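A quick write-up on the structure given underneath.
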Amino acid sequence: MGNLARVQRRFIVAVTVLGVINLALVIYLLWGGPSGPSLESLQQQYNALEREVESRQKGNPDQTRTDLKQFYSDNLPSRGSQISEQVEKLTRNAGVTAQSIHYPTESAEKAEKNLPAGVQQVKVETNVTGDYAKVARFINELEQDRMLFIIEKISLSGQQGGVVSLQITFSTFVQTA
């Protein structure tokens, strides 16, 4: 009989604890607790984004042409030799050594596909060596350079003495007449 009374008391304590937790959760839900953005703020964000999309759809073609010309003059070289000069500058700044710089040729059809008039794509392959931190710095500088470089392929291999070798393929563009 004593065992049944003990189980009964435990059951009553468990039901009471669960009841208190249940009551707390009901109060929390009814009170609101921390909530996400209100419906009004979501509606305002939606309206702002809708206005932005409409303005971009209307767009000003003359302004777009002007912006594109400015982008080309700021970020695309006018001579192919400027690419080599910039890559060599980036290797010096990063403290790595460029073993070679190659310009693999592609078929003109493939290279010119989807490019605007006055722009030619140039593929570049290079091998650089240095310690890992300097090679990582070179990649970072290449990505952040004002000249437009699009990294396509990277292969990193270790060598003796903590020196690593990086084979990197990337594209850039040159303004054409």
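Computed from the coordinates by the stated procedures, all read-outs in this text should not be read as laboratory data. Computed from a predicted model, the values in this text were never measured in an experiment. Cβ atoms come from the backbone with ideal geometry, glycine included; neighbour counts cover every protein chain shown.
As a test of understanding, state the convex hull volume per residue of the range 77-175 from its alpha carbons, in Å³. Don't jump to the answer; show the numbers that get you there.
Numbers: hull volume 9.1 nm³, N = 99.
Residue-normalised Cα hull volume stands at 91 Å³.
Work out, step by step, the length gained on full extension between Gln175 and His102: first 0.36 nm times the residue separation, then minus their alpha carbon distance; give nm to one decimal.
Values: separation 73, 0.36 × 73 = 26.28 nm, distance 1.95 nm.
Additional length available on full extension: 24.3 nm.
Treat each spin label as a single point 7 Å out from the Cα along the C-beta direction, and report the Asp131 to Ala48 distance in nm.
Reported label-point gap for Asp131 and Ala48 is 4.7 nm.
Could you tell me which of rounded, prolate or oblate describes the chain, using a ≥ b ≥ c as the square roots of the eigenvalues of the alpha-carbon gyration tensor, with rounded for a/c under 1.5 and, failing that, prolate when a/b is larger than b/c and oblate otherwise?
Taking the square roots of the gyration eigenvalues as a ≥ b ≥ c, the chain is oblate.
So for the range 6-98, considering every pair of alpha-carbon atoms, how many percent are separated by more than 20 Å?
On the way: 3201 of 4278 pairs.
For the range 6-98, the fraction of Cα-Cα distances above 20 Å is 75 percent.
Considering only the other residues whose Cβ falls under 12 Å of the Cβ of Phe71, what net charge follows from Lys and Arg at +1 and Asp and Glu at -1?
Net local charge, Phe71 excluded: +1.
Would you mind calculating the gained length between Lys69 and Arg6 on full extension (0.36 nm times residue separation, minus the Cα-Cα distance), in nm to one decimal? Spell out each step's value before the answer.
Details: separation 63, 0.36 × 63 = 22.68 nm, distance 8.61 nm.
Going from the current span to full extension adds 14.1 nm.
Between Ser78 and Lys153, what is the FRET efficiency for a Förster distance of 25 Å, r being their Cβ-Cβ separation, to the nearest 0.05?
Numbers: r = 27 Å, r/R0 = 1.07.
So, using R0 = 25 Å, E works out to roughly 0.40.
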